[in-house]
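Worksheet: the structure to be examined is printed underneath.
The values are calculated or read from the model by the stated rules, or taken from the named source; none is laboratory data. Everything numeric in this text was worked out from a predicted model, so none of it was measured. Neighbour counts run over all protein chains shown; Cβ positions are idealised from the backbone, glycine included.
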């Protein structure tokens with residue numbers, strides 16, 4: 001029996017995720033310019049960047065910003081005091097990675113699950129090289145795992161190992177029962193883990209998206225930055241003729257003859273409608289949505305979206 005890592009594009013290889021360390025450059029999750037994507041349009045969003053850490057309260061000095069005066073301490077001591085802040089040195093980043101059965105699909109180059117794994121690896125390596133702490137929430141249809149943020153290569157390797165483990169568990173032999181509620185379960189877990197001013201990168205096809213999905217994202221976005229990596233296969237988006245396909249809504253599966261133009265167009269309409277509903281809803285709240293497809297390397301797509309301009 002062949003091993004999963006003998007089928008690149010179908011299953012991810014640990015060696016490939018490690019090599020992506022050298023491609024994790026030329027982009028930033030905290031760009032000075034608005035985040036652009038095919039879907040954000042006029043709702044281009046800005047990420048907050050690093051926050052401020054409180055250091056101390058000291059006596060007021062000439063030149064201090066009067067907006068930093070602590071009026072309670074000033075009233076108590078009858079002498080002006082000011083609050084001193086410094087730029088946050090390390091920012092926690094949580095990478096949420098989808099490895100559900102709905103991701104085990106692809107008609108060009110990679111499965112969605114592989115593209116998601118590569119996107120997560122690029123994000124993890126980039127965060128580490130920026131000197132920030134990186135953690136992850138990795139989920140499938142059955143379980144959610146969390147790795148708390150740390151600034152170390154050991155943590156990145158732990159994240160990659162967990163992703164590879166769940167990626168290699170994917171199969172279409174009926175052993176995995178699709179769970180459309182798994183996405184919301186993972187986001188609920190993420191909401192509990194994320195403290196204020198965390199950057200949360202959610203990498204998923206968003207199959208099983210519900211009103212609760214949007215609610216969790218908006219809730220986390222009140223005190224954190226969120227960026228969505230929307231993984232998709234171009235066959236659905238562009239109505240490509242790829243022969244007979246097995247498609248799923250997260251619960252049921254069916255065969256689709258994509259050589260039938262009418263059926264292809266209907267799939268494209270449904271897919272694009274879902275994409276725009278998701279992106280329009282979230283970009284209204286300042287959440288950037290970056291579409292990443294399976295027919296091309298993730299690194300090049302991320303650089304185009306988040307690279308220096």
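Would you pick out the residues in region 170-190 that are surrounded by 17 or more Cβ atoms within 10 Å (Cβ to Cβ) and within 17 Å of residue 11 (Cα to Cα)?
Once the filter is applied, which keeps residues that are surrounded by 17 or more Cβ atoms within 10 Å (Cβ to Cβ) and within 17 Å of residue 11 (Cα to Cα), region 170-190 yields only 170.
Looking at region 200-220, which of the residues that are in a helix (DSSP H, G or I) and touching a residue at least 40 places away in the same chain (Cβ under 8 Å) is nearest to residue 132 (Cα to Cα)?
Looking at the filtered set, the residue picked out is 217.
Hey, does region 260-282 have a residue that's on the phi > 0 side of the Ramachandran plot, modelled with pLDDT under 90 and in a loop (DSSP other than H, G, I, E, B)?
no
Can you find a residue in region 38-57 that is part of a helix (DSSP H, G or I), modelled with pLDDT under 60, in the same structural domain as residue 293 (by TED's automatic domain parsing) and at negative phi?
Yes; the residues of region 38-57 include at least one that is part of a helix (DSSP H, G or I), modelled with pLDDT under 60, in the same structural domain as residue 293 (by TED's automatic domain parsing) and at negative phi.
Please specify each residue of region 188-213 satisfying the condition of being farther than 21 Å from residue 28 by Cβ and at pLDDT 90 or above.
Selection gives 188, 189, 190, 191, 192, 193, 204, 205, 206, 212, 213.
Tell me yes or no: at least one residue of region 99-106 is modelled with pLDDT of 95 or more, assigned by TED's automatic domain parsing to the domain that holds residue 192, outside any helix (DSSP H, G or I) and buried (at least 23 other Cβ atoms within 10 Å of the Cβ).
yes
For region 139-155, what are the residues that are surrounded by 24 or more Cβ atoms within 10 Å (Cβ to Cβ) and assigned to a helix (DSSP H, G or I)?
none
Give the residue, chosen from 136, 121, that is in a helix (DSSP H, G or I), assigned by TED's automatic domain parsing to the domain that holds residue 176 and buried (at least 22 other Cβ atoms within 10 Å of the Cβ).
121
Before we move on, is residue 300 free of Cβ contacts under 8 Å to residues at least 60 places away in the same chain and either surrounded by fewer than 18 Cβ atoms within 10 Å (Cβ to Cβ) or touching a strand residue (DSSP E or B) at 6+ places or on another chain (Cβ under 8 Å) (or both)?
yes
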